[in-house]
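The values are calculated or read from the model by the stated rules, or taken from the named source; none is laboratory data. Only a predicted model underlies this, so the values are computations on that prediction, with no experimental measurement involved. Here Cβ is always computed from backbone atoms with ideal geometry, including for glycine, and neighbour counts include all displayed protein chains.
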Amino acid sequence: MVKKVNKYKPKMTNGNGVSIYPDLRKGIKLEMKNQLWCTDITFIELRTKRKHCYLTLITDEASHLIVGYELSKRMQTKDVLKAFEMACKEQLNDLESTF
């Protein structure tokens with residue numbers, strides 16, 4: 001008989017339905033793009049040879065556009081920084097072309 005393994009689910013509430021992690025974006029009124037960026041790291045399982053990769057995205061919260069990204073084999077800080085650098089360069093170029 002094979003024993004079913006339960007996947008770990010992190011605790012998100014304190015038991016009373018109140019979130020442990022407050023939404024830091026709550027109450028911020030976004031009036032223009034590049035006012036607030038959020039990051040997300042997504043695990044992508046590839047079909048070939050049981051491999052996987054990580055996709056780091058930097059998203060502009062006002063326009064909901066991806067402003068930077070990085071695809072990597074490992075989840076490391078340097079990959080988030082690369083995505084952030086890409087976002088900064090792209091947005092700086094957009095700003096310069098406006099003037």
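One table, with the values for the structure above:
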{"read-out": "One residue from LYS82, LYS7 being without any contact (Cβ under 8 Å) to a residue 40 or more places away in the chain, in a loop (DSSP other than H, G, I, E, B) and either of a type in the set (D, E, K, R) or at positive phi (or both)", "value": "LYS7"}
{"read-out": "Tabulated pairs, the stretch 30-43, first in contact (Cβ under 8 Å) with a residue 40 or more places away in the chain and loosely packed, with under 12 Cβ neighbours inside 10 Å, second part of a loop (DSSP other than H, G, I, E, B) and among the charged types (D, E, K, R), C-beta under 8 angstrom, 6+ apart or interchain", "value": "none"}
{"read-out": "Test for ARG47: is it loosely packed, with under 14 Cβ neighbours inside 10 Å, assigned to a loop (DSSP other than H, G, I, E, B), free of Cβ contacts under 8 Å to residues at least 12 places away in the same chain and at negative phi", "value": "yes"}
{"read-out": "One residue from THR56, THR42 being closer than 25 Å to ARG25 by Cα, in contact with a Leu (Cβ under 9 Å, 6 or more places away or on another chain), assigned to a strand (DSSP E or B) and modelled with pLDDT of 95 or more", "value": "THR56"}
{"read-out": "Residue that is nearest to GLU70 (Cα to Cα) [pool: residues in the stretch 16-39 that are at pLDDT below 90 and of a type in the set (Ser, Thr, Tyr)]", "value": "TYR21"}
{"read-out": "Filter result (free of Cβ contacts under 8 Å to residues at least 12 places away in the same chain and either of a type in the set (Ser, Thr, Tyr) or part of a strand (DSSP E or B) (or both)) within the stretch 59-72", "value": "ILE66"}
